[in-house]
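Step one of this worksheet: look at the structure below.
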Amino acid sequence: TWRRQKKVSNKDISLGLGIAAGSVTEMITKLSDEGLVAHEPYAGISLTPKGTQLAAELVRKHRLWETFLVDKLGYDVADVHPEAEVLEHKTSDRLATALDDFLGHPENCPHGGVIPSAAGDFSDVGHRLLADGKDGEEVVIERFLDNHELLTYLADLGLNLHDHLKIIKHEPFEGPIVVERVHDQRQIMVSFKASHNIFINEVK
């Protein structure tokens, strides 16, 4: 949401983070007092320009560390988030620049998330879910939600970033989505919940 300036509700944040509604209200009040978010009753919550800049800086540092941990230290993709979450808050702008240079200026983290530039700029990405794909459509996996349980599940399925998939069918009553991995014609059943945390784009 920091990228799109979309307004979200307290309920959205509570569900997304898995924390109590009362804790969200307290947090939003503090962020509003610091000028990081704008809270309009009945309209929603959005980041201010100051909040957007701070969010971009934290996301940049977080995703650079995730890239370093996977590419240079051999971490599993599913395990890097908690480490990066600690490191992002201890990283100066100078260190982030050095890390970016060392890594060769990566554009995406291991989950497919865009890494903002030092100026807070970032390229646009699709936000279409695998769940919204049409039967018979061919798509490419562009990004995964950064969640340990999800990433472990997808690793067990053998699904990876940039996999080219053909959507075979959506099973009824919130059943799994059946996809075929194009390069080896292997059919994979992706759970309803996981399909709402996998982002896709058109085959180019």
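The values are calculated or read from the model by the stated rules, or taken from the named source; none is laboratory data. This is a predicted model, so every value here is computed, not measured. Please note: Cβ atoms are built from the backbone with ideal geometry, for glycine as well, and neighbour counts cover all protein chains shown. For the accessible areas, the whole protein counts, side chains as well, though only heavy atoms, and no ligand, DNA or RNA atoms are used. Shrake-Rupley method; radii C 1.70, N 1.55, O 1.52, S 1.80 Å.
To keep it simple, each residue is scored yes or no on (1) under 24 Å from Leu154 (Cβ atoms); (2) at pLDDT 95 or above; (3) outside the structural domain of Leu145 (by the TED database).
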{"site": "Leu15", "(1), (2), (3)": "yes, no, yes"}
{"site": "Gly22", "(1), (2), (3)": "no, no, yes"}
{"site": "Thr67", "(1), (2), (3)": "yes, yes, yes"}
{"site": "Lys72", "(1), (2), (3)": "yes, yes, yes"}
{"site": "Ala96", "(1), (2), (3)": "no, yes, yes"}
{"site": "Asp100", "(1), (2), (3)": "no, yes, yes"}
_Quick check on the range 73-86: of everything there that is touching a residue at least 60 places away in the same chain (Cβ under 8 Å) and aliphatic (A, V, I, L, M), which residue is surrounded by the fewest Cβ atoms within 10 Å (Cβ to Cβ)?_
Ala78
*Checklist (1) modelled with pLDDT under 90; (2) surrounded by 17 or more Cβ atoms within 10 Å (Cβ to Cβ) applied to Lys61, failing item*: (1)
*asked:* Among the residues of the range 141-155, are any hydrophobic (A, V, I, L, M, F, W, C), more than 30 Å from Thr52 (Cα to Cα), part of a helix (DSSP H, G or I) and open to solvent by less than 30 Å² (accessible area, probe 1.4 Å)?
replied: yes
*For the subset of the range 175-204 comprising residues that are over 12 Å from Leu129 (Cα atoms) and small (Gly, Ala, Ser), which member is surrounded by the most Cβ atoms within 10 Å (Cβ to Cβ)?*
Ser191
_Scope the range 87-113; condition on the phi < 0 side of the Ramachandran plot, out of contact with any strand residue (DSSP E or B) (no Cβ under 8 Å at 6 or more places or on another chain) and either open to solvent by 70 Å² or more (accessible area, probe 1.4 Å) or β-branched (Val, Ile, Thr) (or both); matching residues_ = His89, Lys90, Thr91, Asp93, Arg94, Leu95, Thr97, Asp101, Phe102
*Can you find a residue in the range 129-140 that is buried (at least 16 other Cβ atoms within 10 Å of the Cβ), closer than 17 Å to Val182 by Cα and touching a helix residue (DSSP H, G or I) at 6+ places or on another chain (Cβ under 6 Å)?*
yes
